[in-house]
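First comes the structure, then the notes that go with it.
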Amino acid sequence: MLSQLRLPVLWIYGGWDNSIPVEKSVHVLDQLRSSGQLFTVRTIPYGNHGLFVMRGPEKRRLPYYPDGLWSDMFSWIDSVTNRANLH
């Protein structure tokens, strides 16, 4: 069960994911966060299930990862490992 997790988790959803109910999933995670879970939730506005932007404001022809996705992930990892090293 998600409520039993006692470790930080980064959840990243694509806003245009048609494989899962993103809004419902984020709502559940927000409820768990409000009760103290160490969850971070991000939604990529034009991302699909694989977090690729297939269409969107830039109208590129090939799918791409949105700018900042990887740096955000690495920053989150750094913040979690830095917190762990303090304990």
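The values are calculated or read from the model by the stated rules, or taken from the named source; none is laboratory data. None of the values given here were measured: they were computed from a predicted structure. Cβ: placed from backbone, ideal geometry, glycine included. Neighbour counts: every protein chain shown. Note: accessible area is taken over every heavy atom of the protein model, side chains too, but ligands, DNA and RNA are not part of it. Shrake-Rupley method; radii C 1.70, N 1.55, O 1.52, S 1.80 Å.
Counted over the chain, the DSSP beta bridges are approximately 25% antiparallel. Helix 22-34 against the longest principal axis of the chain: what's the angle in degrees, Cα atoms only, rounded to the nearest 10? That works out to roughly 20 degrees. Between residue 41 and 11, the built amide H atoms are under 5 Å apart, and every one of these is 5 or more places off in sequence or on another chain.
Keeping all protein chains in place, calculate the accessible area per residue for the chain (probe 1.4 angstrom), answer in Å². Mind dumping the intermediate values first?
Details: 6460 Å² over 87 residues.
Ligands and nucleic acids excluded, the figure is 74 Å² per residue.
Taken one residue at a time, the phi angles of the stretch 6-17 give Karplus couplings (6.51, -1.76, 1.60, θ = phi - 60°) of 10, 9, x, 9, 9, 10, 10, 10, x, x, 10, 6 Hz. Gly and Pro are set to x. Tell me the carbon and sulfur percent of the accessible area for the stretch 1-57, rounded to whole percent, probe radius 1.4 Å. Carbon plus sulfur share of accessible area: 56 percent.
Based on the alpha-carbon gyration tensor of the chain and its eigenvalue square roots a ≥ b ≥ c, which shape applies: rounded if a/c is under 1.5, prolate if not and a/b is larger than b/c, or oblate? It comes out oblate by the Cα gyration axes. Which value, in debye to the nearest 20, gives the size of the charge dipole of the stretch 17-63 about its Cα centre, when Lys and Arg are +1 and Asp and Glu are -1 at the Cβ? Here the size comes out at about 240 debye.
Placing +1 at every Lys and Arg Cβ and -1 at every Asp and Glu Cβ, with all other atoms neutral, what dipole size does the chain have around its Cα centre, in debye to the nearest 20?
Values: 9 positive and 7 negative charges, 23 e Å.
Dipole about the Cα centre, nearest 20: 120 debye.
Compared with the dominant principal axis of the Cα atoms in the chain, helix 69-86 is inclined by about 10°.
Using 0.36 nm per residue and subtracting the Cα-Cα separation, the extra length available between residue 58 and residue 83 on full extension is 5.3 nm. When the chain is described by a simple charge dipole with +1 on each Lys and Arg Cβ and -1 on each Asp and Glu Cβ, the residue from 82, 46, 19 located farthest towards its positive end is 19.
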